[in-house]
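Trainee: Can you read through this structure? Questions will come right after.
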Amino acid sequence: MQKRALITGITGQDGSYLADWLLSEGYEVVGMVRRSSTLNFERIAHIQDRLTLVSADVLDEVSIVEVLREHRPDEVYNLAAQSFVQTSWGQPVLTGEVTALGVTRVLDAIRLTNPEIRFYQASSSEMFGKVREVPQTEHTPFYPRSPYGVAKVYGHWITVNYRESYGLHASSGILFNHESPRRGLEFVTRKVTNGVARIKLGLDREIRLGNLEAKRDWGFAGDYVQAMWAMLQQDEPDDYVVATGETHSVRELCEVAFARAGLNYEDHIQIDQRFKRPAEVDFLVGNAAKVREKLGWRTHVDFVGLIEMMVDADLDVMRRQVS
Ligand code: NAP
Ligand code: GDD
């Protein structure tokens, strides 16, 4: 029988790739969208006619219960979040409501309507923060460094707790940074690749950045959503680190991105204190041995391939806009 999945956060980067993947696996896909004054369906425009979009909000539990009652999914992927770390200092309470308590609202809605539903929680390497060991595994202690990271720690533990308290099939994917041409413009990879395209076409001269020495384990979002799905196909729920196992600095990201367009990053980067964070996560690198061994998960795009893909995509978009 055809399986039905509900994705919260379907309009986001990961939601759109996960919807692509689940459709290709033969799922019926229901996407939760929140009300806004203008439509923001760009990332799912290419598949919109194959999706059922329903209005609800993780701030409003009744709306989630209604969606579950009406659409009866077999699997729920909870990707909805206030996901930008910098914003979480300016809006710490909202971040807690959406990114932390939102998880409990979805879990409670599952518990009350159909505890057989399989649940995926989008946890984050940001929970490791000021890292306690290198590389980070499922057993590395958390030390979050932002209100966002703190909220994700809550979301992770409430997922574990509902699994242990109520026997829910609830899994938490501790995903390291993953990017794509559909990444939001405020995140550093896309900010740089979009900026490179603008500079190449003469629309801009510089990109203003914060800390160039921060290091991240960056992978391709299209690969990472397959791990989310694989977790829910297991007999037993569990927690998994998903990462490439390689780390690179923001400076290296700039070097690769500018070089793709035949430019030198040192001619175009300005340091701007506004983009530095009150507390930084200096270094992340994950050990994905468990997800590789147990779920057979693999990456298909490496760091240079990812950044070049993003620069090429931004150049294409920008060229179409100016022509
Ligand atoms: P994203 O592009 O920012 O998407 C976030 C999604 O959440 C959007 O669809 C957004 O809807 C939705 N949302 C926000 N507030 C909501 C609310 N109150 N009710 C319902 N939906 C709401 O994030 P992403 O990169 O795809 O990440 C997906 C998830 O994985 C997030 O939970 C993120 O924290 C987590 N994560 C991401 C990464 C990464 O590197 N990308 C790594 C680890 C974990 P609108 O379009 O209406 O704003
Ligand atoms: N956004 C941004 N803008 N980051 C900058 C800038 C800038 O101008 N300059 C330097 N950086 C540095 C940040 O200080 C950080 O160390 C690094 O670039 C990455 O920043 P982001 O791309 O904003 O991502 P993030 O690592 O903070 O968070 C992302 O990854 C998490 C997983 O570790 C988000 O996708 C989170 O939702 C996700 O959980």
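The values are calculated or read from the model by the stated rules, or taken from the named source; none is laboratory data. Everything numeric in this text was worked out from a predicted model, so none of it was measured. We place every Cβ from the backbone using ideal geometry, glycine too, and count neighbours over all the protein chains shown. Surface areas here come from the heavy atoms of the whole protein model, side chains and all, with no ligands, DNA or RNA. Shrake-Rupley method; radii C 1.70, N 1.55, O 1.52, S 1.80 Å.
Trainee: Can you show me the helix-derived [θ] at 222 nm for the chain, built from DSSP H runs with n ≥ 4 at -39,500 (n - 2.57) apiece and divided by the number of residues, rounded to the nearest 500. Could the numbers behind the result be given before it?
Mentor: Numbers: 11 runs with 128 residues, N = 323.
Rounded to the nearest 500, it is -12000 deg cm²/dmol.
Trainee: Amide H to amide H, which residues 5 or more places from Arg118 or on other chains are under 5 Å from it, using H placed in the peptide plane?
Mentor: Glu75, Val76
Trainee: I would also like to ask the following. Would you grab the residues whose amide H sits under 5 Å from the one on Asp239? Only those 5+ places off in sequence or on another chain, please, with H modelled 1.01 Å from N.
Mentor: Ser172
Trainee: Roughly how many Å² of Asp14 are accessible to a 1.4 Å probe, to the nearest 10?
Mentor: The value for Asp14 is about 30 Å².
Trainee: Could you list the trypsin sites (Lys or Arg not before Pro) in the stretch 41-111 that lie in coil according to DSSP, counting only those with at most 15 other Cβ atoms within 10 Å of their Cβ? Mind showing how you got there, number by number?
Mentor: Details: sites: Arg43, Arg50, Arg69, Arg105, Arg111; in loops: none.
Those that pass, being in a loop and sparsely packed, number zero.
Trainee: Then there's this: Which whole number of Å³ per residue matches the convex hull of the alpha-carbon atoms in the stretch 77-200? Before the final figure, lay out the partial values.
Mentor: Details: hull volume 14.8 nm³, N = 124.
Spelled out: Cα convex hull of the stretch 77-200, divided by residues, is 120 Å³.
Trainee: With a 1.4 Å probe and all protein chains in place, put Arg216, Arg277 in order of accessible area, largest first. Intermediate values should be presented prior to the final figure.
Mentor: Values: Arg216 20, Arg277 70 Å².
Highest to lowest solvent-accessible surface, that is Arg277, Arg216.
Trainee: Let's see if you can work this out: charge +1 on each Lys and Arg Cβ, -1 on each Asp and Glu Cβ, no other charges. What is the dipole magnitude of the stretch 32-89 about its Cα centre, in debye to the nearest 20?
Mentor: Values: 6 positive and 9 negative charges, 31 e Å.
Using Cβ point charges on Lys, Arg, Asp and Glu, the stretch 32-89 gives about 160 debye.
Trainee: Quick one: work out the % antiparallel among DSSP beta bridges in the chain, nearest 5.
Mentor: Working: 2 of 38 bridges.
Of those bridges, close to 5 percent are antiparallel.
Trainee: If you don't mind, there's one more thing I want to ask. Any idea how far the Cα center of the stretch 220-253 sits from the one of the stretch 94-159, in Å?
Mentor: Here the answer is 15 Å between Cα centres.
Trainee: While we're on this one: If you roll a 1.4 Å probe over the heavy atoms of the protein chains, what accessible area per residue do you get for the chain, in Å²?
Mentor: On the way: 14430 Å² over 323 residues.
Value for the chain: 45 Å² per residue.
Trainee: Residue by residue, what Karplus-based ³J(HN,Hα) values in Hz, rounded to whole numbers, does the stretch 81-96 have, using 6.51, -1.76 and 1.60 with θ = phi - 60° and x for Gly and Pro?
Mentor: 6, 7, 9, 8, 4, 4, 5, 5, 6, x, 10, x, 6, 4, 4, x
Trainee: How large is the convex hull of the Cα atoms of the chain per residue, expressed in Å³ as a whole number?
Mentor: Numbers: hull volume 43.2 nm³, N = 323.
Spread over its residues, the Cα hull of the chain gives 134 Å³ apiece.
Trainee: Out of residues 5 or more away from Phe283 or on other chains, whose amide H comes under 5 Å of its own, with H placed 1.01 Å from N in the peptide plane?
Mentor: Distant-sequence amide H within range of Phe283: Val131, Lys215.
Trainee: Here is a follow-up. List, in order, the whole-Hz ³J(HN,Hα) value for each residue of the stretch 117-132 obtained from phi through the Karplus relation with A = 6.51, B = -1.76, C = 1.60 and θ = phi - 60°; use x for Gly and Pro.
Mentor: Per residue, the Karplus-derived 3J(HN,Hα) values read 4, 8, 10, 10, 10, 7, 7, 9, 5, 4, 5, 6, x, 7, 5, 8 Hz.
Trainee: If every alpha-carbon in the stretch 260-301 counts as one equal scatterer, what log10 I(q)/I(0) does Debye give at q = 0.25, 0.26, 0.27 1/Å?
Mentor: -0.92, -0.95, -0.98
Trainee: Out of the stretch 133-192, which trypsin sites (Lys or Arg not before Pro) are coil in DSSP terms and have no more than 12 other C-beta atoms within 10 Å? Display every interim value, and only then the final one.
Mentor: Values: sites: Arg145, Lys152, Arg163, Arg182, Arg183, Arg190, Lys191; in loops: Arg145, Arg182, Arg183.
Nothing satisfies the criteria.
Trainee: Follow-up question, since we're still on this one. Return the loop-located GluC sites (Glu not before Pro) in the stretch 172-242 (DSSP other than H, G, I, E, B) with at most 15 other Cβ atoms within 10 Å of their own Cβ; answer none if there are none.
Mentor: On the way: sites: Glu179, Glu186, Glu206, Glu213; in loops: Glu186, Glu206, Glu213.
Answer by residue number: Glu186, Glu206, Glu213.
Trainee: For the stretch 197-323, compute Rh as the Kirkwood radius over C-alpha pairs and then the Stokes-Einstein diffusion coefficient at 10 °C and 1.306 mPa s; write the answer in µm²/s, rounded to an integer. Don't skip to the answer; put the middle values down first.
Mentor: Working: Rh = 16.7 Å.
The estimated diffusion coefficient comes to 95 µm²/s.
Trainee: Moving on to the next point. Work out Dmax and Rg for the stretch 1-142 from the C-alpha atoms and quote the Rg first, both in angstrom.
Mentor: 15.8, 46
Trainee: Computing the accessible area with a 1.4 Å probe over protein heavy atoms, can you report the carbon and sulfur percentage for the chain?
Mentor: Working: 6770 of 14430 Å².
Heavy-atom surface of the chain belonging to carbon and sulfur, 1.4 Å probe: 47 percent.
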